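Visitor: Have a look at this one.
Just so it is clear, none of the values below were taken in a lab; they were calculated from the coordinates. These numbers were taken from a predicted model, which means no experiment stands behind them. Glycine also receives a Cβ, built like all others from the backbone with ideal geometry; neighbour counts cover every protein chain displayed.
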Amino acid sequence: MQEVRQALLQFDRAEIKKIVQAAIDAGLLPFDVINDGMAVAMGEVGKLFETGEYYLPELIMAGATMKDGMEILTPLLKAEGGLGATPKGKVILGTVKGDVHDIGKNLVKIMLEGSRFEVIDLGVDVEPDHFVQAVKEHGARLVAMSALLTTTTGGMKLTLQALEAAGLREQVKVMIGGAPISNEFANQIGAEGYAATAVGAVAEAQRLLRVD
């Protein structure tokens, strides 16, 4: 498993598929390759990012390397019926209505998936009703919204109101983030969670869903 972790930490996209396939051929379970290999490495990437040793390019490259490895594992998990059993929880993710910036959102997705959350990414410029529909369709317990523009932060409150109107507010937690967002703003609109960074979003998601 050390080889899997090392390949991811070195962003070795040329080797990660070979190493993952070799691990499977040696009898390791797909879940174990993710849990003991990739998730551990992504956790280390997160720590290096937090301490300033890694920057956004490294975070993106690590995520791309992980996705390459997952191309081998995802079909196996589906075949075993284990894809739905492995995630810590389902997260509906999107950038709010009127905002088309997605770098921060994509980083959050990378880190959440690397920490074994199932992420339903709605993309950018997402209407409040689209968040509501996704919660209904996927039975998610966490909605994560981002915004880069101050003028679009109102979309977060509108989404909370839409969830309330749909009778879903009691069953989902809401986490928000983005450059103009603060913990104070989260409290003001009634969101349970706030994260300033993609790494922080993982810790916050785990706290809100009460998982490790």
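Visitor: Could you work out how far helix 154-165 tilts from the main Cα principal axis of the chain, as a 0 to 90 degree angle to the nearest 10?
Guide: For helix 154-165, the angle is close to 90 degrees.
Visitor: Right, next: Where the centre of each part is set by its Cα atoms, how far does region 107-171 sit from region 5-33, in angstrom?
Guide: Here the two parts' Cα centres lie 32 Å apart.
Visitor: Put +1 on the Cβ of each Lys and Arg and -1 on the Cβ of each Asp and Glu in the chain; which of A196, Q171, V40 then has its Cα farthest toward the positive end of the dipole?
Guide: Final value for the positive-end residue is Q171.
Visitor: Counting pairs of alpha carbon atoms under 8 Å apart in space and at least six apart in sequence, what relative contact order in percent does the chain give?
Guide: On the way: 341 pairs, mean separation 36.9, N = 212.
Normalised by residue count, the contact order of the chain is 17 percent.
Visitor: Another one. Between the helical axis of 13-25 and the dominant principal axis of the chain, each derived from Cα atoms, what acute angle in degrees is found, rounded to the nearest 10?
Guide: 70
Visitor: Here is a further query. As a check on your grasp of the helix formula, calculate [θ] at 222 nm for the chain: sum -39500 (n - 2.57) over DSSP H runs of n ≥ 4, divide by the residue count, round to the nearest 500. Each step should come with its number before you reach the end.
Guide: Numbers: 9 runs with 112 residues, N = 212.
Computed mean residue ellipticity for the chain: -16500 deg cm²/dmol.
Visitor: Give the relative contact order (percent, whole number) for region 90-209; include only Cα pairs under 8 Å separated by 6+ residues. Mind showing how you got there, number by number?
Guide: On the way: 234 pairs, mean separation 33.4, N = 120.
The value is 28 percent.
Visitor: Could you tell me how many degrees, from 0 to 90 and to the nearest 10, lie between the Cα long axis of helix 128-138 and the main elongation axis, the longest principal axis, of the Cα atoms of the chain?
Guide: 40
Visitor: What number comes out for the charge environment of L56, summing +1 per Lys or Arg and -1 per Asp or Glu over other residues with Cβ under 15 Å away?
Guide: Details: positive: K105, K109; negative: E50, E53, E58, D102.
Neighbour charge sum, excluding L56 itself: -2.
Visitor: Let me ask something additional. Can you list the residues of region 28-51 with backbone N under 17 Å from a point 7 Å past the Cα of A203, pointing along Cα to Cβ?
Guide: 42-51
Visitor: Name the most mobile residue of G178, G46, G154, meaning the one with the largest mean-square fluctuation, in a Gaussian network model of the chain with Cα contacts below 10 Å.
Guide: For the chain, modelled as a Gaussian network with Cα springs under 10 Å, the answer is G154.
Visitor: Say a site is exposed when it is one of the GluC sites (Glu not before Pro), sits in a DSSP loop, and has at most 14 other Cβ atoms within 10 Å; what is then the longest site-free stretch of the chain?
Guide: Longest run free of exposed loop sites: 54-169.
Visitor: List the lysines whose alpha-carbon lies under 16 Å from that of K136, not counting same-chain residues fewer than 8 positions away?
Guide: K90, K173
Visitor: Let me make sure I get this right: for region 90-209, a, b and c are the square roots of the gyration tensor eigenvalues over alpha carbons, sorted descending. Under 1.5 in a/c it's rounded, otherwise prolate if a/b > b/c, else oblate. Which is it? Could you put the intermediate results ahead of the total?
Guide: Values: a/c = 1.25, a/b = 1.04, b/c = 1.20.
Because its axes are fairly even, with a/c under 1.5, region 90-209 counts as rounded.
Visitor: Most exposed first by the Cβ proxy, i.e. fewest other Cβ within 10 Å, how do D99, D25 rank? It would help to have the intermediate numbers written out before the result.
Guide: Values: D99 22, D25 8.
The fewest-first ordering by Cβ neighbours comes to D25, D99.
Visitor: Moving to a separate point now. Among P57, P180, P87, which one shows the highest mean-square fluctuation when the chain is modelled as a Gaussian network with alpha-carbon springs under 10 Å?
Guide: Its mean-square fluctuation being the largest, the pick is P57.
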